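The values are calculated or read from the model by the stated rules, or taken from the named source; none is laboratory data. Remember, predicted model here, so these are calculated numbers, not experimental data. Every residue, glycine among them, receives a Cβ derived from its backbone with ideal geometry; neighbour counts consider all protein chains shown.
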Amino acid sequence: MDERAPRLAMVAGEASGDLLAGLLLGGLTRRWPGLASMGIGGPKMVAQGFEAWWPSDKLAVRGYAEVLRHYPELLRIRHRLAQRLLESPPDVFIGVDAPDFNLDLEARLKSHQVRTVHFISPSIWAWRGERIEKIKRAVDHVLCIFPFEPEIYARHGIAATYVGHPLADTIPLEVPRAASRRALGLHAGESVVALLPGSRRSEIQYIAPTLLEAAREMKRRRPELRFVLPAAPGLRSMIEPLLAEHAGGVGIRVLDGCSHEALAACDVTLIASGTATLEAALFKRPMVIAYKMHWLSAQIMRRMNYQPWVGLPNILLQDFAVPEFLQGAATPANLADAACAWLDDPAACQALAARFSTLHHTLRRNTAQAATDAIETILAH
């Protein structure tokens, strides 16, 4: 390929996809300052010069039941996006996570000779292993964020490159605990609990009440505890009524964003399964993972699951390093018991931090540069 800056189309779903895609775009624009990028994205991508035809939160639905409700709109968006991209084909399409949306789009683009890359491998190693043939039809190359993934793809004849996890680059190896506490107005000697109920509206609906009631139980047992809850963009108005209903008098402080500061500052976190659990691990925080979803989605996922873990830290360590409570087991009492157990065992917290530190080094690979190098190689062929 010549030295002109390429045209890249991208689709990233929800806040976590926007974060990861924004970091990738930072590396790509350093390599090609005149890069043109367009598609579906969020504010962090837009800050890198991305032209968002639709906002990424349009894709922020989860599970089968929730997707069914939004399915017609998602289909319309995908159809219109594909038409637009085929009318003026990009040099490469990069789908960032959101496999339920992106894989069909990638397959259509690939069938019209548009090169397709998928960044953030679908979790074929955790569940839905039957996706591998669909990925093979849809994708020219997979950029993997976990070290064991390329070998899985190689067995199926799919080109893949391990590029590390971008969050491992952005989160410092040494946790800025004191600075984060100062930034949030928390004192050094206070015991702080961070509540992270998720970044999707459906997660707030299903998970936040349980986390808030667990906080109320912890406050009853330990009145000295302080609680912070970083709210994802646009979700504060949904969270605040739940505070009054489920955690009145607890004094939970809702933050606008600031999840990294909250994780760095806290002593333990009650957290919804997802990318945030990896962020908590990179901040070397003890955590209690909770997850609830629509009963139908949970039943389907349970049948397809073939690993005993749900939380990313546990999957990566291949161990129940931190407790997980799913569906009916995610009760306020269970969460409060597990969180208080961490607070009572500094030695266990220290041992966990050492394991997370090793994991951090493994995932730290200058992802933006590694992914840019891989995309440059793809474009050259």
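Within segment 224-239, can one find any residue that is over 21 Å from Ala329 (Cα atoms) and free of Cβ contacts under 8 Å to residues at least 24 places away in the same chain?
For segment 224-239, residues over 21 Å from Ala329 (Cα atoms) and free of Cβ contacts under 8 Å to residues at least 24 places away in the same chain: present.
Answer with yes or no whether Gly198 is assigned to a loop (DSSP other than H, G, I, E, B), under 26 Å from Leu359 (Cβ atoms), touching a residue at least 60 places away in the same chain (Cβ under 8 Å) and assigned by TED's automatic domain parsing to the domain that holds Gly311.
For Gly198, the condition - assigned to a loop (DSSP other than H, G, I, E, B), under 26 Å from Leu359 (Cβ atoms), touching a residue at least 60 places away in the same chain (Cβ under 8 Å) and assigned by TED's automatic domain parsing to the domain that holds Gly311 - is met.
Which of the residues that make up segment 240-268 are exposed (fewer than 15 other Cβ atoms within 10 Å of the Cβ), in a helix (DSSP H, G or I) and touching a residue at least 24 places away in the same chain (Cβ under 8 Å)?
Glu245
Can you run down the residue pairs with Cβ atoms below 9 Å, 6 or more apart or on separate chains, where the first is in segment 348-362 and farther than 17 Å from Leu278 by Cβ and the partner is among the aliphatic types (A, V, I, L, M) and not in a helix (DSSP H, G or I)?
Close Cβ pairs (under 9 Å, with a partner that is among the aliphatic types (A, V, I, L, M) and not in a helix (DSSP H, G or I)) amount to Cys349/Val268.
I want to confirm something. Restricting to segment 340-381 and keeping residues that are within 25 Å of the chain's Cα centre (by Cα) and not in a helix (DSSP H, G or I), which single residue is farthest from Pro286 (Cα to Cα)?
Among those that are within 25 Å of the chain's Cα centre (by Cα) and not in a helix (DSSP H, G or I), it is Asn366.
Show me the helices (runs of 4 or more DSSP H) found entirely inside segment 269-333 where at least 3 residues are at pLDDT below 95 and touching a Phe, Trp or Tyr at 6+ places or on another chain (Cβ under 6 Å).
Per the criteria, 295-304.
Name the single residue, out of those in segment 148-173 being in a loop (DSSP other than H, G, I, E, B) and over 17 Å from the mean Cα position of the chain (by Cα), that is nearest to Thr372 (Cα to Cα).
Ala159
Would you please list the contacts, defined by Cβ atoms under 9 Å and residues six or more apart or on different chains, that run from a residue in segment 6-19 that is under 15 Å from Gly198 (Cβ atoms) to a residue that is among the aromatic types (Phe, Trp, Tyr)?
Gly13/Phe101
Would you confirm whether or not segment 206-215 contains a residue that is without any contact (Cβ under 8 Å) to a residue 24 or more places away in the chain and surrounded by 13 or more Cβ atoms within 10 Å (Cβ to Cβ)?
No, there is no match, as no residue in segment 206-215 is without any contact (Cβ under 8 Å) to a residue 24 or more places away in the chain and surrounded by 13 or more Cβ atoms within 10 Å (Cβ to Cβ).
Cβ-Cβ distance below 6 Å, separation of 6 or more or different chains: which pairs start in segment 74-96 with a residue that is in contact (Cβ under 8 Å) with a residue 12 or more places away in the chain and assigned by TED's automatic domain parsing to the domain that holds Pro122 and end on one that is among the charged types (D, E, K, R) and outside any loop (DSSP other than H, G, I, E, B)?
Ala82/Arg108; Pro90/Arg7; Asp91/Arg7; Gly95/Glu106
From the residues in segment 322-339 that are surrounded by fewer than 21 Cβ atoms within 10 Å (Cβ to Cβ) and of a type in the set (A, V, I, L, M), which one is nearest to the chain's Cα centre (by Cα)?
Leu326
Collect the residues in segment 86-106 that are within 30 Å of Gly311 (Cα to Cα), hydrophobic (A, V, I, L, M, F, W, C) and either out of contact with any strand residue (DSSP E or B) (no Cβ under 8 Å at 6 or more places or on another chain) or assigned to a loop (DSSP other than H, G, I, E, B) (or both), keeping them in residue-number order.
The answer is Ala98, and nothing else.
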